[in-house]
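Take a look at the structure below.
The values are calculated or read from the model by the stated rules, or taken from the named source; none is laboratory data. Remember, predicted model here, so these are calculated numbers, not experimental data. FYI the Cβ positions are ideal-geometry reconstructions off the backbone, even for glycines, and counts take in every protein chain you see. Only protein heavy atoms, including side chains, enter the accessible area calculation; ligands, DNA and RNA are left aside. Shrake-Rupley method; radii C 1.70, N 1.55, O 1.52, S 1.80 Å.
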Amino acid sequence: MPLDYGPGVGTERLRSAVASVAGCSLDDVVVTHGAIEALLLSCAASVENRTAVAVAAPGYEGLFRAVEAVGGVVQAVRVWNPGASALDLGPLLELDLPRYGAVIVNSPHNPTGLTAVSGDLVDLADRCAAAGTTLVVDQVSVGTLDPGAHSVLRQAPGSSAVVQVGDVSKAFGLGGLRVGWCAVPQPARRARIAELRDVTSLANSAPSQHLAAIALENRGALSVAPAARSNLERLCALVEAVSAGTWSMPADGLVAFPAFPLPVSARVFTDRLRERFGVAVTPGSFFGFDRHLRVGLGLAPELFGEALDRLADALEAEAGG
């Protein structure tokens with residue numbers, strides 16, 4: 001295996017494997033150092049003439065920081081409310097899109113695991129195309145809970161607006177390879193992303209790309225979905241046992257965002273959970289929703305079961321004062 005600089009856009013084998021997942025041509029793919037570089041480059045290529053970027057909220061921090069890092073101005077647009085069964089893209093569809101360099105949507109959604117309704121996502125892609133606005137769709141977790149889930153480029157084939165972002169971290173637990181991608185059907189936008197990459201990371205390592213290609217080529221055998229579905233069933237049982245409220249059941253992805261009857265703030269509870277019970281979850285206050293907890297579904301079921309038992313013990317301890 002040659003260890004010199006390879007093609008800046010990625011090896012042909014890896015781009016072909018990505019294309020089969022993303023639903024595009026291998027020529028549409030630019031390989032990046034993880035999804036975060038894909039987001040950074042997508043934003044940088046989109047704010048050169050219009051700096052406003054609408055970001056679907058709540059969302060994980062990287063979506064907002066990528067925009068700010070390239071000089072964009074973030075406008076958070078809420079697409080989720082507690083108890084919803086799908087992301088609501090209505091507020092994004094109502095924007096004056098010609099004012100925006102980009103719109104960023106995360107589906108499957110972090111922290112809730114909800115997805116956008118296919119028709120709404122296609123409608124948003126069409127409107128962004130008409131407005132000359134980039135639609136960046138972060139889909140790093142697509143298919144991890146629902147193996148039948150489709151990438152945005154299978155829903156809106158060849159869209160001139162869409163940049164689909166993915167990686168091998170969430171689906172395969174291969175974050176250390178630092179392999180992500182942008183799937184970009186629009187040639188000028190794809191060329192600009194590739195140009196910008198010359199001044200960020202230039203190229204990925206050959207061994208990392210080789211291993212990532214093997215994982216993608218064998219994604220059926222390596223799927224985390226059975227474990228994630230098993231873990232979700234156990235989490236549902238706990239939520240139903242301790243909380244009378246409704247919650248947003250994840251449709252895809254490796255996170256859930258249930259609310260719990262916490263007598264203290266989520267931040268205080270998660271600190272105590274980690275220190276006293278050895279379990280880590282993310283407080284909902286990080287996303288603007290206190291009393292919610294973001295729970296990862298990607299653990300091996302036996303470990304997840306043990307962690308869930310400890311979470312139940314911590315909730316009982318808090319309730320008892």
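Before moving on, here are some points about what is shown:
- Residues being assigned to a helix (DSSP H, G or I) and open to solvent by less than 10 Å² (accessible area, probe 1.4 Å) - total across the stretch 47-68: 3
- Some residue of the stretch 118-137 being farther than 18 Å from S248 by Cβ, touching a residue at least 24 places away in the same chain (Cβ under 8 Å) and part of a loop (DSSP other than H, G, I, E, B): yes
- On the stretch given as the stretch 87-103, residues that are more than 20 Å from G119 (Cα to Cα) and open to solvent by 40 Å² or more (accessible area, probe 1.4 Å) total 2.
- Of all residues in the stretch 287-299 being of a type outside the set (D, E, K, R) and touching a Pro at 6+ places or on another chain (Cβ under 8 Å), the one that is most open to solvent (accessible area, probe 1.4 Å): G288
- Helices (runs of 4 or more DSSP H) wholly inside the stretch 160-229 containing at least 3 residues that are of a type in the set (G, A, S) and buried (at least 16 other Cβ atoms within 10 Å of the Cβ): 206-217
- Scanning the stretch 40-86 for residues that are among the small types (G, A, S) and under 22 Å from V117 (Cβ atoms) yields A54, A56, A57, G59, A76, G83, A84, S85, A86.
- Enumeration of residues in the stretch 263-275 that are surrounded by fewer than 20 Cβ atoms within 10 Å (Cβ to Cβ) and either in contact (Cβ under 8 Å) with a residue 12 or more places away in the chain or outside any helix (DSSP H, G or I) (or both): P263, V264, S265, R267, R272
- The listed residue being in contact (Cβ under 8 Å) with a residue 60 or more places away in the chain and in contact with a strand residue (DSSP E or B) (Cβ under 7 Å, 6 or more places away or on another chain), out of P157, P250, P207, P258: P250
Here's the yes/no breakdown for (1) loosely packed, with under 15 Cβ neighbours inside 10 Å; (2) modelled with pLDDT of 95 or more; (3) under 27 Å from V168 (Cβ atoms):
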{"site": "A256", "(1), (2), (3)": "no, yes, yes"}
{"site": "F277", "(1), (2), (3)": "no, yes, no"}
{"site": "P301", "(1), (2), (3)": "no, yes, yes"}
{"site": "G320", "(1), (2), (3)": "yes, no, no"}
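- Any hit, the stretch 69-79, residues being assigned to a loop (DSSP other than H, G, I, E, B), within 15 Å of the chain's Cα centre (by Cα) and modelled with pLDDT of 95 or more: yes
- Test result for A251, closer than 16 Å to G305 by Cβ and open to solvent by 10 Å² or more (accessible area, probe 1.4 Å): no
- Of all the numbered requirements in (1) hydroxyl-bearing (S, T, Y); (2) within 22 Å of R229 (Cβ to Cβ); (3) more than 18 Å from the chain's Cα centre (by Cα), Y100 misses one, and that requirement is (2).
- Meets criteria (surrounded by 19 or more Cβ atoms within 10 Å (Cβ to Cβ) and not in a loop (DSSP other than H, G, I, E, B)) for V142: no
- Residues in the stretch 22-40 that are open to solvent by 40 Å² or more (accessible area, probe 1.4 Å) and either assigned to a helix (DSSP H, G or I) or within 13 Å of G180 (Cβ to Cβ) (or both): L26, D27, H33, I36, L40.
- Looking across the stretch 110-123, just one residue is open to solvent by less than 20 Å² (accessible area, probe 1.4 Å), under 25 Å from A45 (Cβ atoms) and touching a strand residue (DSSP E or B) at 6+ places or on another chain (Cβ under 6 Å), and that is A116.
- Residue match in the stretch 74-86 (condition: surrounded by 14 or more Cβ atoms within 10 Å (Cβ to Cβ), closer than 25 Å to D290 by Cβ, in contact (Cβ under 8 Å) with a residue 24 or more places away in the chain and small (G, A, S)): yes
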